[in-house]
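In what follows, a single structure is set out as structure tokens and then discussed.
The values are calculated or read from the model by the stated rules, or taken from the named source; none is laboratory data. Everything numeric here is computed off the predicted structure, so don't read it as measured data. Cβ placement follows ideal geometry from the backbone for every residue including glycine, while neighbour counts extend to all protein chains displayed. Surface areas here come from the heavy atoms of the whole protein model, side chains and all, with no ligands, DNA or RNA. Shrake-Rupley method; radii C 1.70, N 1.55, O 1.52, S 1.80 Å.
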Amino acid sequence: MKTSLRWPRVSFAVAVMSLAAIALPTAWATQLELTRAPLDGRACWQLWSGHLLHFGLIHALTDLLTLLVAASVVETALGTRRTTLLYCVTPPVLSLLTLLTAPQLAAYRGASALAVMMGFAAGGVLWRDTRLRVPVALIVALFLVKLAGDAAGAATDLSGLPTGIELAWQAHAVGALIGSTLALHLARGKAAARYGMIST
């Protein structure tokens, strides 16, 4: 038996905080963006706050709308408490892996890594419905083609980054990796069946 998607309350709160961060003074934003400082044990808050900052309104809206669409599936499956825990635990992992895999990266802002992670996790939930497997597989394939192009230097930014800001494709790859791990758990059906997301 299917149930309707829940409004992603936790993710909406994250999105509101992220939009509010656009109004921060430049000096504050510079202290909150993800830099290489946490690798030296400094400014460890950046491991979380970097995912809330963006390079402008268009960048923020693109990332956050994508996040909310995917989160509507994930939060329905996981529930509020587990989703909150997910947002507490995964940002520093995403941040550290991004810094380690992108040694040239000086600063990072954006919720795109979180959005990719949620997107793959949502795919794990939707995979339980055999009717949705083809579109899910196609979306994943298109994402992987885009990621490969970005890694090869043919950057295809779709999030409205300002001129001079390079796309950190490594963050998307890390988001896909962690999201795939979540997807494998959700595809087994424990969370999805518990919350009535997909018929079993």
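Check whether at least one residue in region 167-187 is under 29 Å from Gly79 (Cβ atoms), open to solvent by less than 60 Å² (accessible area, probe 1.4 Å), in a helix (DSSP H, G or I) and hydroxyl-bearing (Ser, Thr, Tyr), and report yes or no. Yes, because at least one residue in region 167-187 is under 29 Å from Gly79 (Cβ atoms), open to solvent by less than 60 Å² (accessible area, probe 1.4 Å), in a helix (DSSP H, G or I) and hydroxyl-bearing (Ser, Thr, Tyr).
Among the residues of region 69-76, some residue qualifies, meaning at least one is farther than 26 Å from Ile165 by Cβ and of a type in the set (S, T, N, Q).
Residues in region 34-47 that are touching a helix residue (DSSP H, G or I) at 6+ places or on another chain (Cβ under 7 Å) and either crowded, with 18+ Cβ neighbours inside 10 Å or of a type in the set (Gly, Ala, Ser) (or both): Leu34, Thr35, Ala37, Pro38, Ala43, Gln46, Leu47.
Each row is one residue, and each column tells you yes or no for (1) part of a loop (DSSP other than H, G, I, E, B); (2) closer than 18 Å to Arg109 by Cα; (3) at pLDDT 95 or above; (4) open to solvent by 70 Å² or more (accessible area, probe 1.4 Å).
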residue: Trp7; (1), (2), (3), (4): yes, no, no, yes
residue: Val14; (1), (2), (3), (4): no, yes, yes, no
residue: Met17; (1), (2), (3), (4): no, yes, yes, yes
residue: Ala20; (1), (2), (3), (4): no, yes, yes, no
residue: Thr30; (1), (2), (3), (4): no, yes, yes, no
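A single member of Leu78, Leu97, Leu138 is open to solvent by 50 Å² or more (accessible area, probe 1.4 Å) and farther than 28 Å from Leu39 by Cα, and it is Leu138. The combined condition, being out of contact with any His (no Cβ under 8 Å at 6 or more places or on another chain) and within 25 Å of Arg36 (Cβ to Cβ), is not fulfilled by Leu61.
Looking across region 100-133, the residues that are assigned to a loop (DSSP other than H, G, I, E, B), in contact (Cβ under 8 Å) with a residue 12 or more places away in the chain and open to solvent by 50 Å² or more (accessible area, probe 1.4 Å) come down to Ala106, Trp127, Arg128. The residue of region 48-63 that is most open to solvent (accessible area, probe 1.4 Å), among those that are hydrophobic (A, V, I, L, M, F, W, C) and closer than 26 Å to Leu100 by Cβ, is Trp48.
Given the criteria crowded, with 18+ Cβ neighbours inside 10 Å and assigned to a helix (DSSP H, G or I), does Gly149 qualify? For Gly149, the condition - crowded, with 18+ Cβ neighbours inside 10 Å and assigned to a helix (DSSP H, G or I) - is not met. Of everything listed in (1) at pLDDT below 95; (2) surrounded by fewer than 17 Cβ atoms within 10 Å (Cβ to Cβ), the single unmet condition for Ser159 is (2).
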